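Notes follow once the structure below has been shown.
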Amino acid sequence: DFGHSSELAFVVEPSDDIAVQEQPLILYCQVEGIQPITITWRKNGVMIVDSENAFMLANGSLYVSRFQRVRGDGSSDEGEYDCMAQNHYGLVVSRKAKIQAATMSDFHIHPQNAVVEEGGVARFQCQIHGLPEPVILWHKNSMPVNTDNERYTLLPKGVLQITGLRAEDSGIFHCVATNIANVKFSREARLTVSGSHSSVYKDPMILVGPENLTLTVHQTAVLECIATGNPRPIVSWSRLDGRPIGVEGIQVLGTGNLMISDLTVQHSGIYVCAANKPGTRVRRTAQGSLVVQAPAEFVQHPQSISRPVGTTAIFTCVAQGEPPPQITWLRNGQILETSDHIKLKNNNSTLSIYGINQADEAIYQCLAENSAGSTQASARLTVLWADGLPSPPQGVRAETVSATTIQVSWEKPLQNTKEIIGYVLHIRKAADPVEMEYQEAVSKSTFQQLVTDLEPSTSYSFYIKAYTSRGASKASEVTVVSTLGEVPAMPSLFIKVINSTTVQATWEPSIKLGQHEGFKLYYRKVHLSQYTGPVLLASNVTAYNITHLDASVVYEVKLLAYNQHGDGNSTVRFVSLRETVERTVLNPPCDCMKDEQNNKTSTTGIIIGIHIGVTCIIFCILFLMFGYRGRLLMCKNMQEQLSTPQIPRSQRSATGLVLNGATRRDRDDRDLNGKQLDMNELERLFPASPSQEQQEKGITSAHSLSAPHDETQISTFPLDEFSIIEEQPDPLPKTPHGSSAAAPAPDHGPANEG
């Protein structure tokens with residue numbers, strides 16, 4: 001079973017009960033486990049010794065022969081009882097059973113006389129306290145009220161409602177309260193029904209609204225609401241939080257009382273009763289609170305575990321209830337005290353036992369308790385111990401090396417050292433809880449460890465365990481040592497010239513300085529050996545003016561931070577007062593406005609430079625693109641480089657060559673004007689292939705160039721990509737072939753040379 005130790009566990013636990021005066025009482029307790037098992041009882045935490053009045057039965061139950069609420073010696077049999085069971089594995093304690101005496105008080109509310117007009121509503125109430133809760137019945141004229149009459153409503157808390165009053169309802173009423181302790185009668189009250197039913201309009205009015213109730217789950221709640229008015233109002237119910245009331249377990253008693261059966265925690269809330277005038281929005285409301293409590297119950301039980309010596313054991317116990325239950329841990333029936341070795345976390349839901357040893361072997365119990373009830377669950381811790389394990393390491397010593405380093409050394413165990421495979425050094429700040437401990441593994445041949453990255457001026461605890469393949473030794477003795485203190489770091493120092501005889505030393509507070517008590521400021525003329533100072537300054541001071549200086553010399557200023565461990569390293573600055581008041585020679589002060597302007601100027605220059613660079617790149621790309629597209633191939637002074645002779649410059653046509661410069665529309669216009677190109681002339685100017693005929697005409701393609709040192713780039717293009725444009729508009733005689741001849745032009749050189 002979950003939440004029980006198989007070695008020892010409860011089968012039946014005592015339960016809450018209400019005992020009758022002078023009557024016997026039995027509290028049940030049944031245990032299972034490994035025999036022999038001893039059972040004892042306690043009342044209010046005190047052991048019960050068998051006596052004539054109270055003794056234990058053979059099955060472990062407790063028998064009280066004559067229950068007494070108050071005995072002659074002033075003692076009482078009322079209280080909280082629990083059962084304890086023990087064997088050689090441990091001890092467990094049952095839940096606490098609350099035993100109360102059955103009682104009944106006198107009536108503290110009696111029914112009152114009432115005079116109500118016919119058709120109205122009458123309400124009688126009597127109230128009495130008792131254990132258990134008394135059952136209240138009503139009598140009319142000394143006879144029980146007929147509950148079959150729909151106009152008569154009896155509520156559990158002692159209320160009688162009569163609606164739609166008639167003349168025959170008149171009479172004398174009283175109530176009778178009954179429980180196992182007693183029977184009591186209330187005073188009598190007379191009901192008088194007067195006159196006839198009135199037709200005068202009356203606003204709706206709530207005579208009695210719901211009262212605040214606190215109940216336990218599975219009980220029944222009755223929320224009263226009785227309203228009057230003419231016409232008779234309609235009573236409705238809702239929740240203040242807007243959630244639906246639901247239908248399961250919901251019933252309306254009489255003309256507007258709400259009854260909720262088998263309560264759950266979800267039924268808790270504020271309920272609103274509304275009396276509505278039929279056909280209108282006129283209404284009156286009243287509200288009451290319902291609180292439903294739930295006894296503690298476990299969501300997760302602790303589980304029995306087995307762990308080797310020196311390890312950590314963790315038990316988890318999660319309980320729920322309303323109100324939220326309080327969790328308490330017991331060890332063999334005794335309240336568990338926390339220590340560095342034993343920790344409780346998560347509102348006591350988690351029990352952690354660090355570095356367990358054989359003394360920790362026990363039965364651990366989790367008790368969950370709230371105002372509605374209590375429960376318990378148990379689990380056993382078994383500590384595994386192997387024979388032949390090493391004894392604890394000896395002679396553990398720790399020596400401080402620096403503010404962040406400690407040297408730990410030890411000697412090997414005295415017994416069973418052959419199977420040791422290594423050591424584990426356990427490290428923890430002395431002020432930290434055990435769960436903050438960390439470990440460092442060390443080889444079996446090493447008997448010292450340098451622990452680094454520690455905090456200055458801090459105490460640390462150390463202990464060692466020797467490990468074998470079968471388990472760990474017990475822990476060595478714990479040694480505690482503190483790291484050295486640390487002096488503060490160097491402060492940042494700035495010097496600003498105030499005037500010809502005064503400078504200001506400023507520095508910045510920083511967490512890098514660490515803990516410091518203050519600052520020491522020194523200054524001197526650079527050609528002198530003696531400093532003026534120290535000037536002692538508090539830790540919250542960040543500036544100091546040095547006055548009465550000589551403007552003709554250079555000064556050295558030195559600043560350091562100090563604490564109880566000594567002086568930190570100093571920061572040195574040099575300053576001259578000869579120049580401008582605003583600046584120093586070697587340490588220009590921080591002029592925030594000027595720095596901001598310089599930053600703005602520098603930023604503007606950078607932006608302009610970027611724009612210029614981008615513009616240059618764009619122009620270069622455009623130049624390359626259009627230069628490539630506009631390149632014109634001309635043959636010039638290349639006689640020695642051509643495989644065939646060229647036409648002399650003087651014989652060339654003055655007509656310019658335009659590449660991709662003239663559109664088809666332009667050529668079509670020239671054709672219309674009679675200026676057609678002779679195909680023979682085009683073939684002569686732009687040969688398709690190198691042939692003997694082309695060589696005779698002096699035109700060659702780029703493939704005919706043979707001079708390797710010529711860097712002129714020559715390309716071949718289709719003929720339909722070129723046009724011949726005349727530069728002389730005067731008409732010339734036609735050639736025999738009928739094509740337009742180009743007029744000789746002055747030799748200005750080629751229009752475009754490759």
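The values are calculated or read from the model by the stated rules, or taken from the named source; none is laboratory data. This one's a predicted model, so the numbers in the text were calculated from it and none came from an experiment. Positions of Cβ are backbone-derived with ideal geometry, glycine not excepted, and every protein chain shown enters the neighbour counts. The accessibility values were calculated without ligands, DNA or RNA, using every heavy atom of the protein model including side chains. Shrake-Rupley method; radii C 1.70, N 1.55, O 1.52, S 1.80 Å.
Every residue, every condition in (1) hydroxyl-bearing (S, T, Y); (2) surrounded by fewer than 19 Cβ atoms within 10 Å (Cβ to Cβ); (3) farther than 30 Å from A372 by Cβ, yes or no:
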site	(1), (2), (3)
I136	no, no, no
H139	no, yes, yes
M143	no, yes, yes
V159	no, no, no
S196	yes, yes, yes
Q219	no, yes, no
N230	no, yes, yes
Check your understanding: Can you tell me which of A398, A441, A431, A466 is assigned to a loop (DSSP other than H, G, I, E, B) and not assigned by the TED database to the domain that holds A543?
Key -> A431
Exercise for review: Kindly establish whether A441 is open to solvent by less than 50 Å² (accessible area, probe 1.4 Å), farther than 30 Å from R95 by Cβ and not polar (S, T, N, Q).
Suggested key: no
Exercise for review: Can you confirm whether the stretch 372-391 contains a residue that is open to solvent by 40 Å² or more (accessible area, probe 1.4 Å), modelled with pLDDT of 90 or more and either farther than 30 Å from I34 by Cα or touching a helix residue (DSSP H, G or I) at 6+ places or on another chain (Cβ under 9 Å) (or both)?
Suggested key: no
Study note, to complete from the structure: Exactly one of Y562, Y544 is modelled with pLDDT of 90 or more and assigned to a strand (DSSP E or B), and that residue is Y544
Practice item. Return the pairs, sorted by first residue and then second, in which the second residue is open to solvent by 60 Å² or more (accessible area, probe 1.4 Å) and assigned to a strand (DSSP E or B), the first residue lies in the stretch 110-137 and is in contact (Cβ under 8 Å) with a residue 12 or more places away in the chain and under 30 Å from P231 (Cβ atoms), the beta carbons are less than 7 Å apart, and the residues are 6+ apart or on different chains. Key: N113/R190; V121/L207; R123/L207
Practice item. Give Q300, Q358, Q326 a once-over and let me know the one that is open to solvent by 50 Å² or more (accessible area, probe 1.4 Å) and touching a Cys at 6+ places or on another chain (Cβ under 9 Å). Key: Q300
Review point. Looking at the stretch 411-425, which of the residues that are in a strand (DSSP E or B) and under 43 Å from the mean Cα position of the chain (by Cα) is surrounded by the fewest Cβ atoms within 10 Å (Cβ to Cβ)?
Key: G422
Review point. Does N87 qualify as being open to solvent by less than 40 Å² (accessible area, probe 1.4 Å), of a type outside the set (D, E) and at negative phi?
Key: yes
**Study point:** Filter result for N212 (out of contact with any His (no Cβ under 8 Å at 6 or more places or on another chain), loosely packed, with under 15 Cβ neighbours inside 10 Å and not acidic (D, E))
**Key:** yes
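Considering the stretch 165-197 alone, what residues qualify as being among the polar types (S, T, N, Q) and touching a strand residue (DSSP E or B) at 6+ places or on another chain (Cβ under 6 Å)?
S170, T178, N179, N182, S186, T192, S194
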Check your understanding: For R307, all conditions in the list (1) open to solvent by 50 Å² or more (accessible area, probe 1.4 Å); (2) under 30 Å from P156 (Cβ atoms) hold save one; what is the number of the exception?
Key -> (2)
Study note, to complete from the structure: In the stretch 488-503, residues that are in contact with a strand residue (DSSP E or B) (Cβ under 7 Å, 6 or more places away or on another chain), open to solvent by less than 60 Å² (accessible area, probe 1.4 Å) and in contact (Cβ under 8 Å) with a residue 60 or more places away in the chain total 7
Check your understanding: Would the stretch 36-54 turn up any residue that is more than 22 Å from I180 (Cα to Cα), touching a residue at least 60 places away in the same chain (Cβ under 8 Å) and touching a strand residue (DSSP E or B) at 6+ places or on another chain (Cβ under 6 Å)?
Key -> no
Practice item. For the stretch 33-79, name all the residues that are open to solvent by less than 70 Å² (accessible area, probe 1.4 Å) and acidic (D, E). Key: D77, E78
Practice item. Assess whether K474 counts as being surrounded by fewer than 21 Cβ atoms within 10 Å (Cβ to Cβ) and closer than 30 Å to S391 by Cβ. Key: yes
